[in-house]
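The values are calculated or read from the model by the stated rules, or taken from the named source; none is laboratory data. None of the values given here were measured: they were computed from a predicted structure. With ideal geometry, Cβ positions are generated from the backbone for all residues, glycine too; neighbour counts draw on all protein chains shown.
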Amino acid sequence: MVTGSEVFGIVLSVIFGALIGLEREVRGKAAGLRTNILICLGAAVFTVISKKMAAGQADSITRIAAQIVTGVGFLGAGAIIRDRVGVHGLTTAATIWLVASIGMACGAGFLLLAIVATCIAIVVLFGLSHLERQITDHRKKHKTEDVAEETQEE
């Protein structure tokens, strides 16, 4: 039988997955709102199931947790694309990996850990994008200046 606290953890996993997925959706990434919710929810449900199935056998819980990580790694790898311009999808892959860990924390009852991880992820995804743009603009500016200087020297 599933307890009220486990149901609460599962519901929180949906909320946390949605909060992180919202940022991915706003940015138009393939793994957006629904994907992140489902990954977080799935990890939470698998964690609750593993706790129930492994009652009294601690090593079984870790086996199922390891398989969640492996499965999510496969999903994340599918989000990474390498082309002539560079590598794309690394943040999406990392987000998939993180959302699964948050779901596992919710399913295991480590709600404070899930809350803190979600808050940090939101700050990183929403807050650091501005800083990242400034750094990129700075690089482009200096690269253009370097090319102009090289042209003048020739």
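For the range 59-154, the helices (runs of 4 or more DSSP H) that sit wholly inside it and include 2 or more residues that are of a type in the set (A, V, I, L, M, F, W, C), more than 20 Å from the chain's Cα centre (by Cα) and modelled with pLDDT under 90 are 128-153. Examine the range 103-126 for a residue that is farther than 24 Å from V45 by Cβ and free of Cβ contacts under 8 Å to residues at least 24 places away in the same chain, and state whether such a residue exists. Yes, because at least one residue in the range 103-126 is farther than 24 Å from V45 by Cβ and free of Cβ contacts under 8 Å to residues at least 24 places away in the same chain.
For the range 76-93: of the residues being buried (at least 16 other Cβ atoms within 10 Å of the Cβ) and among the hydrophobic types (A, V, I, L, M, F, W, C), which is farthest from L19 (Cα to Cα)?
Going through the qualifying residues, I end up with A79.
Among the residues in the range 18-33, are any more than 21 Å from F126 (Cβ to Cβ) and of a type in the set (G, A, S)? Checked against the condition, which is being more than 21 Å from F126 (Cβ to Cβ) and of a type in the set (G, A, S), the range 18-33 yields no hits at all. Residues in the range 1-55 that are among the hydroxyl-bearing types (S, T, Y) and over 14 Å from the mean Cα position of the chain (by Cα): T3, S5, T47, S50.
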